[in-house]
Amino acid sequence: MTATYDPTDPKYFDPAALREEVDRVFDLCHGCRLCFNLCPSFPTMFGFIDANDGDASAMTDGERDQVVDECYQCKLCYVKCPYVPPHEWELDFPRLMSRVHAVRHKEGVGVKELLTDQFLSRTDALGRVSVAAAPVVNRAIGTPGSWPRRVMEKTVGLASERLLPPYAKQRFTTWFKRRGSRGAPAGRGAVSVFPTCFVEYMEPDVGRAIVEVYEHNGIACSLPKGTKCCGAPWLHSGHVEEFTKVARRNVAALAAEVRAGRDVVVAQPTCAYVVKRDYPIYAKGVDADLVASHTYDPAEYLMRRHRDAADAFSLRDEFPGRAEGSVPDAVTYHVACHLQAQNTGLRSRDLLRVAGVKCTVVQRCSGIDGTWGYRAENYELARKVAAPLGREIEAAGNAVVCGDCHLANGSILQETGTRPEHPLQLMARAYGVGTRDHAGGPP
């Protein structure tokens, strides 16, 4: 059996060993079928195997490739699967798909795919340039189907009809450094906010809300030194060496924060998943394990401390913004896939409940999942995946929609025309500390 998900294992990049493992896993999945309704990969796989009288090994290379290409790494099959490690079958479908992409990349892919990988993965370089020229960039990319977007699709493979998030006029770290940290009372705690590329270049208001809510509750905030994008786009496209370099650099920076007495708060679920689950595999060592064990989603950290009877901390319970009508009584809350995959519970819903806000919960995939839904070849299928999400949000009937994932929120905007907010933005307003200055681009 070649069930290895460790990129340092000699068998990891062996095509023959990989083929054996793909057939083994596909056969197990076909016999179980528990994940039939999670993503396109599984019904596609089951159909191909059924057509071969239940023989997974009889699938063609093209059929196997289609199953792999339709996996968008939502991770929910791992949550649902009864055979994940430490089960003797050691089934980890998402990591098997990552292994396939890694072997493909090592064997060589086409120029167009390489260009798309580079464009989507070099988020910091693209972000720095785009923020500096935000008005021009946002005009160029802001209209789906426009000629600049069609050119982008032809050259770098970005779907021309996909609604793209605008770039901010000011980076989150620039705002933070200019305003400084206000500190916190002794014993209230301290965190290091890892903004990742989404908050840093596109949604600084989310980072501001995190800082404002945390400091309002007496938790000191700082920024880690030397971190960059979490590297998820490199990992999802099979560029193991590039991802490992990013992981090691970020682990070193974040480990220094933890050793200085600060927990790590990550503003984006995909990035938090990468730090918690992927860094310990690709950047093995004490530091990676230390960072993973001290990393939290913003709401997860607050609710963990609020509910811990042994912790003297509790959330402040005065909400002038609620009394003034700045925050509605009820909202629709979307649970991001990569938040579900962390198995931490619905902590943003619980946090909003503290402020007296009722949540209608929607648990449907947005069809973005990293960079998969941005690629031209996946656009139509991604929209089909996201359609039920749009329908459930509209059926909920709430004027305000919120969600933790910047990627999913963009898909919600495209499907419904409603721009979601981050739960911490709602909390900031409820506390009366929200100071949104429209640092981002056009709506």
According to a simple spin-label model (label point 7 Å from Cα along Cα-to-Cβ), what is the distance in nm between residue 387 and residue 50? 1.9
The percentage of the accessible area of the chain (probe 1.4 Å, all protein chains present) made up of carbon and sulfur atoms, to the nearest whole number, is 53
One-quarter of the Cα convex hull surface for region 294-392, in nm²? 8.2
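Rounded to the nearest 500, what is the chain's calculated 222 nm mean residue ellipticity when only DSSP H runs of at least 4 contribute -39500 (n - 2.57) each, over all residues?
Values: 23 runs with 224 residues, N = 443.
Helix contribution divided over all residues of the chain: -14500 deg cm²/dmol.
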With the cut-off at 22 Å, report for region 1-91 the share of all Cα pairs above it, as a whole percent. 25
On full extension of the chain, what length is gained from residue 163 through residue 84, given 0.36 nm per residue of separation minus the C-alpha to C-alpha distance? 24.9 nm
Percent of all Cα-Cα pairs per 5 Å bin for region 292-342, counting from 0 up to the last occupied bin, reads 4, 14, 15, 20, 20, 17, 7, 1
Cα atoms only: what Rg and Dmax, in Å, come out for region 238-327? 16.6, 52
Additional length obtainable on full extension of the chain from residue 11 to residue 57, 0.36 nm per residue less Cα span: 14.6 nm
Heavy atoms of the protein only, probe of 1.4 Å, neighbouring chains included. What is the accessible area of residue 69 in Å², nearest 10? 70
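Using a simple charge model, +1 on the beta-carbon of Lys and Arg, -1 on the beta-carbon of Asp and Glu, nothing else, what dipole does the chain show about its Cα centre, in debye to the nearest 20?
On the way: 54 positive and 54 negative charges, 392 e Å.
Here the chain has a charge dipole of around 1880 debye.
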Dividing the alpha-carbon Rg of the chain by 2.2 N^0.38 Å yields what? 0.97
Given a 10 angstrom Cα cut-off, can you work out which residue in 404, 263, 65 is the most mobile in a GNM of the chain? 65
Considering only the chain, percent of DSSP beta bridges that pair antiparallel, nearest 5: 5
Send over a whole-number figure in Å² for the accessible area per residue of the chain, probe 1.4 Å. 41
Span per principal axis, largest first, for the Cα atoms of region 339-443 (Å): 44, 31, 28
For residue 358, give me every one of the lysines with a C-alpha distance below 30 angstrom, ignoring sequence neighbours fewer than eight places off in its own chain. 75, 80, 276, 384
1/(1 + (r/R0)^6) with r = Cβ-Cβ of residue 323 and residue 353, R0 = 22 Å, i.e. FRET efficiency to nearest 0.05, evaluates to 0.85
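Expressed in nm to one decimal, what extension gain is obtained for the pair residue 32 and residue 156 from 0.36 nm per residue of sequence separation less their Cα-Cα distance?
Result: 40.8 nm gained on full extension.
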Square roots of five times the Cα gyration tensor eigenvalues for region 78-170, Å: 35, 17, 13
GNM of the chain, Cα pairs under 10 angstrom: of 157, 356, 370, the biggest fluctuation goes to 356
Label-point separation (nm) for residue 143 and residue 395, each offset 7 Å from Cα along Cα-to-Cβ? 3.6
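The values are calculated or read from the model by the stated rules, or taken from the named source; none is laboratory data. Here the structure is a predicted model, which is why all the values come from computation and not from measurement. Note that we place each Cβ from the backbone using ideal geometry, even for glycine, and neighbour counts take in every protein chain shown. What goes into the accessible areas is simple: the full protein's heavy atoms, side chains included, and nothing from ligands, DNA or RNA. Shrake-Rupley method; radii C 1.70, N 1.55, O 1.52, S 1.80 Å.
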